[in-house]
Amino acid sequence: MHDFYYKSRRFCCESVDVTEVARSIGTPVYVYSHKTLTDHYKKWDRALSGVEHMICFSVKSSSNIAVIRALVRCGAGLDIVSGGELFRALTAGADPAKVVFAGVGKTEEEIALAIKEGILMFTVESMGELELINKVAGSLSTEARIAVRINPDVDPGTHKYLKTGKKQSKFGLEMENAYEVYEAVNAMPNVAAKGIQMHIGSQITDAAPYVESLEKMVPFSERVKKICPGVEYLDIGGGMGIVYTNETPATADDFAKAVLPLVKETGLKLIVEPGRFIAGNAGILVVKALYVKRTPSKTFVIVDGGMNDLIRPALYGARHEIVPVVREERETITADIVGPVCESGDFFAREREIPAPRSGELLAIMGAGAYCFSMSSNYNSRPRAAEVMVHGGEFEVVRKRETYEDLVRGESVPDFLL
Ligand code: LLP
């Protein structure tokens, strides 16, 4: 599952002692295992080997160019959602022909850039977007490839903020409206339909919602192929869940076993867009305990990382395991593990039993490889954490800790205030 483990009492990533990383780089620091990342990619690749497929890593989950590069070198394609992510993908050496571009609000500039770079296809979410892509491709005297994102109206049984495949969601189009979009493609000179896409949500631990969606997608794809015979790809999105605490998610093989028979029925090439499955357990956030504050009603362990570094507990009530980086014999306390940010929502865990840390000791927040650094901010004017990648017995900084100068870069005082 991952390459973080105790070697006697010391927490290691691959063959690197996490304490050494913190000593040389400081805290808070994200530590990624190259081996875990690439092993997770290979798991999917093996699981899908029975069909023609492409694994497009979802860049939004972990966007560091070193992470992208590691996966691109394994053969990964990429799922992007902005011009910024396209820039990262290209900087990391991705092949644009393996890039799919999703999102409900692509701008004209983003569309133009992606067409010029020659991405595989846009996932179209509305008729208005299709019209704009056609216009931009026309002005560049070329043809843009598209898939239509379908909203199959299936409940993926996940956190309400992580559901995207229900009718009420802003994402995708219902099948009945999607036919019109494929027909419209045929009437437009500068777009070609290459695929059908869906993405029903995130941290989905069971293959059943995918099967339920695909049972609708199979007959749908038959009709679509009649309208647009050029359709080649069935992109079933990402969303496959991982273990944070005591979940028992379907494995890549379980997913494959459940969905591949349906995919084969369509005769289309498969695209999957996993983010969390690949990156989630490939990273930790290492923080340092600053104070243990005991009040008559509660104990707080105050650490030097905050919700600006890792917002998932505050935003979704997500539970991440938190473990000591050096295991000592200690009394166990029940404490809230909180950051320095001026918000009551700034917590990593509530009422958590942990071995009582002493000031200066390090804690590792597990499952921090996806949607953690990539969702971090400078709130409270806190420089963002460093990111480190471990490879065997070596580690390298892949993003420097921000400085105070970084915080004000691009800002200026207007003339009238000078
Ligand atoms: N494809 C599309 C079109 C997506 O919107 C997403 C994620 C993915 C693929 C990858 O999903 P994954 O395999 O990583 O579940 N911030 C939330 C997760 C938001 C997911 C957004 N879309 C979190 O921290 O749990």
Can you name the number of the only condition in (1) within 16 Å of the ligand (Cβ to nearest atom); (2) out of contact with any strand residue (DSSP E or B) (no Cβ under 8 Å at 6 or more places or on another chain); (3) of a type in the set (Phe, Trp, Tyr) that Tyr179 fails? (1)
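For every residue, the table says whether it meets (1) surrounded by fewer than 20 Cβ atoms within 10 Å (Cβ to Cβ); (2) over 28 Å from His159 (Cβ atoms).
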{"position": "Glu329", "(1), (2)": "yes, yes"}
{"position": "Asp336", "(1), (2)": "yes, no"}
{"position": "Cys342", "(1), (2)": "yes, no"}
{"position": "Phe348", "(1), (2)": "no, no"}
Determine whether the stretch 230-252 contains at least one residue that is more than 18 Å from the chain's Cα centre (by Cα), in a helix (DSSP H, G or I) and in contact (Cβ under 8 Å) with a residue 12 or more places away in the chain. no
List the helices (runs of 4 or more DSSP H) that sit entirely inside the stretch 38-132 and contain at least 3 residues that are within 16 Å of the ligand (Cβ to nearest atom). 65-74, 83-91
Is it the case that the stretch 204-217 has a residue that's of a type outside the set (Asp, Glu), crowded, with 22+ Cβ neighbours inside 10 Å and either in a strand (DSSP E or B) or modelled with pLDDT under 95 (or both)? yes
List every residue pair whose Cβ atoms sit under 6 Å apart, with the two residues 6 or more apart in sequence or on different chains, where the first one lies in the stretch 186-213 and is closer than 17 Å to Thr248 by Cβ and the second, anywhere, is in a helix (DSSP H, G or I) and away from the ligand (no atom under 12 Å from the Cβ). Ala207/Asp254; Ala207/Ala258; Tyr210/Val259
Of the residues Gly83, Gly75, Gly50, which single one is at pLDDT below 95, outside the structural domain of Leu120 (by TED's automatic domain parsing), more than 28 Å from Val326 (Cα to Cα) and surrounded by fewer than 19 Cβ atoms within 10 Å (Cβ to Cβ)? Gly50
The condition from (1) more than 26 Å from Gly360 (Cβ to Cβ); (2) buried (at least 16 other Cβ atoms within 10 Å of the Cβ) that Leu315 misses is numbered (2)
Name the residues in the stretch 284-321 that are out of contact with any strand residue (DSSP E or B) (no Cβ under 9 Å at 6 or more places or on another chain) and of a type in the set (Val, Ile, Thr), would you? Thr295, Ile311
Search result, residues across the stretch 151-202 that are over 20 Å from Ile111 (Cα atoms) and among the β-branched types (Val, Ile, Thr): Val154, Thr158, Thr164, Ile200
Only one residue in Pro261, Pro274 is touching a strand residue (DSSP E or B) at 6+ places or on another chain (Cβ under 6 Å) and either within 14 Å of the ligand (Cβ to nearest atom) or free of Cβ contacts under 8 Å to residues at least 24 places away in the same chain (or both). Which one? Pro274
Counting just the residues of the stretch 39-74 that are more than 18 Å from Asp253 (Cβ to Cβ) and β-branched (Val, Ile, Thr), which one comes out nearest to the chain's Cα centre (by Cα)? Val59
Could we say that Lys225 is in contact with a Pro (Cβ under 6 Å, 6 or more places away or on another chain), basic (Lys, Arg) and assigned to a helix (DSSP H, G or I) here? no
Do any strands (runs of 3 or more DSSP E) lying entirely in the stretch 308-396 carry at least 1 residues that are within 24 Å of Leu37 (Cα to Cα) and touching a residue at least 12 places away in the same chain (Cβ under 8 Å), and which ones are they? 322-324, 347-355, 362-365, 386-391
Counting just the residues of the stretch 259-304 that are of a type in the set (Lys, Arg) and within 26 Å of Lys43 (Cβ to Cβ), which one comes out surrounded by the fewest Cβ atoms within 10 Å (Cβ to Cβ)? Lys264
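For the stretch 21-36, name all the residues that are more than 29 Å from Thr248 (Cβ to Cβ) and touching a residue at least 12 places away in the same chain (Cβ under 8 Å). Lay out the reasoning, then the answer.
Within the stretch 21-36, the subset more than 29 Å from Thr248 (Cβ to Cβ) is 21-29.
Val21, Ala22, Ile25, Gly26, Thr27, Pro28, Val29 - these are the residues of the stretch 21-36 that are more than 29 Å from Thr248 (Cβ to Cβ) and touching a residue at least 12 places away in the same chain (Cβ under 8 Å).
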Which numbered condition in (1) aromatic (Phe, Trp, Tyr); (2) part of a loop (DSSP other than H, G, I, E, B); (3) touching a Ser or Thr at 6+ places or on another chain (Cβ under 9 Å) is the only one that Tyr291 fails? (2)
Looking at (1) within 30 Å of Val51 (Cβ to Cβ); (2) away from the ligand (no atom under 16 Å from the Cβ); (3) not hydrophobic (A, V, I, L, M, F, W, C), which is the only condition Ser297 fails? (1)
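The values are calculated or read from the model by the stated rules, or taken from the named source; none is laboratory data. These numbers were taken from a predicted model, which means no experiment stands behind them. For neighbour counting, all protein chains shown are included, and Cβ atoms are generated from backbone atoms with ideal geometry for every residue, glycine included.
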